[in-house]
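Undergrad: Quick one: the structure is below, and I'll ask about it shortly.
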Amino acid sequence: MSIPPDEVEAPADDAVLFRSSPWRTFALMFAVVLVAYVVVSPFVNLLLNVPHDPWSSIVAQGAVIGALVAGGYELSARSALPTWVRASSGGLEVAAQGSDPVLLAWPDIDHVVVRRDGLRTVLDVTPVDLDRVHPVSEEDEGWPAIRDDDDDPKGRPAFTADLTEVWPGPRALRRELARRMH
């Protein structure tokens with residue numbers, strides 16, 4: 001299981017932490033399902049030619065369905081794996097989907113990309129060399145997921161992290177990375 005960021009000393013005092021937020025994700029998913037249910041329900045009643053339910057009943061049904069869907073997602077294996085990223089003058093720390101954190105000093109990073117992959121937002125960090133990646137803890141149980149970076153002309157692997165649940169969001173992380181990388 002991943003080490004929480006509270007148990008890892010930041011490499012510098014100016015660190016900015018981005019971490020998964022299960023309550024924010026629950027609230028957002030609940031709201032989306034509730035609004036979708038309230039909007040679609042009258043059309044379904046019209047198509048099926050059934051009597052219209054009162055709005056209070058539709059909202060109550062939507063709330064129950066929203067809570068079940070959002071709760072089911074939060075209890076799923078994918079959501080239970082915490083992700084955090086910390087940027088500071090000392091470098092970039094990444095602990096993705098339950099991995100142990102690694103630290104890359106800024107000169108050890110060739111490039112960083114925050115991109116969309118379907119409905120997900122993904123962080124790709126390509127180190128100059130994997131030998132320059134530093135595990136943060138002594139009991140190194142596993143690095144973040146590594147994928148072959150097809151866009152890299154040198155064919156170097158890249159660390160990848162799902163930022164879908166990370167708060168503050170991907171825009172704030174993009175700004176922080178742009179500030180640190182240039």
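Undergrad: Taking GluC sites (Glu not before Pro) that fall in a DSSP loop and have at most 11 other Cβ atoms within 10 Å as cut points, what is the longest piece of the chain between them?
TA: Details: sites that count: GLU9, GLU138, GLU139.
It runs 10-137.
Undergrad: Further question: On a 0 to 90° scale, report how tilted helix 22-48 is relative to the longest principal axis of the chain, with both axes built from alpha carbons and the result rounded to the nearest 10.
TA: Roughly 30 degrees, rounded to the nearest 10.
Undergrad: Measuring with a 1.4 Å probe in the full set of protein chains, what accessible area per residue, in whole Å², belongs to the chain?
TA: For the chain, the per-residue accessible area is 57 Å².
Undergrad: While we're on this one: Using only Cα positions of segment 22-78, each an equal point scatterer, no hydration layer, compute I(q)/I(0) via Debye at q = 0.21, 0.22, 0.30 Å⁻¹ and quote the log10 values to two decimals.
TA: Debye curve over Cα of segment 22-78, log10 I(q)/I(0) at q = 0.21, 0.22, 0.30 Å⁻¹: -0.74, -0.78, -1.12.
Undergrad: Probe radius 1.4 Å, ligands and nucleic acids ignored: give me the carbon and sulfur share of the accessible area of segment 22-78 as a rounded percent. Each step should come with its number before you reach the end.
TA: Numbers: 3180 of 3970 Å².
Of all accessible area on segment 22-78, carbon and sulfur atoms account for 80 percent.
Undergrad: Turning to a different aspect of this structure: Based on the Cβ-Cβ distance from ARG156 to ARG24, what FRET efficiency comes out when R0 is 30 Å, to the nearest 0.05?
TA: Working: r = 33 Å, r/R0 = 1.12.
Approximately 0.35, to the nearest 0.05.
Undergrad: Oh, and also: Let me make sure I get this right: for the chain, a, b and c are the square roots of the gyration tensor eigenvalues over alpha carbons, sorted descending. Under 1.5 in a/c it's rounded, otherwise prolate if a/b > b/c, else oblate. Which is it?
TA: Prolate is the answer for the chain, as a/c is 1.5 or above and a/b outweighs b/c.
Undergrad: Would you calculate the separation in nanometres between label points at ARG179 and ARG116, each defined as 7 Å from the Cα along the Cα-to-beta-carbon direction?
TA: Those two pseudo-labels are separated by 2.5 nm.
Undergrad: Between the helical axis of 170-181 and the dominant principal axis of the chain, each derived from Cα atoms, what acute angle in degrees is found, rounded to the nearest 10?
TA: The angle comes out near 10 degrees.
The values are calculated or read from the model by the stated rules, or taken from the named source; none is laboratory data. For clarity, every value in this text was computed on a predicted model and none was experimentally measured. Cβ coordinates were reconstructed from backbone atoms using ideal geometry, including for glycine residues, and neighbour counts include every protein chain displayed. Side chains are part of the model used for accessible areas, which takes the heavy atoms of the whole protein and leaves out ligands, DNA and RNA. Shrake-Rupley method; radii C 1.70, N 1.55, O 1.52, S 1.80 Å.
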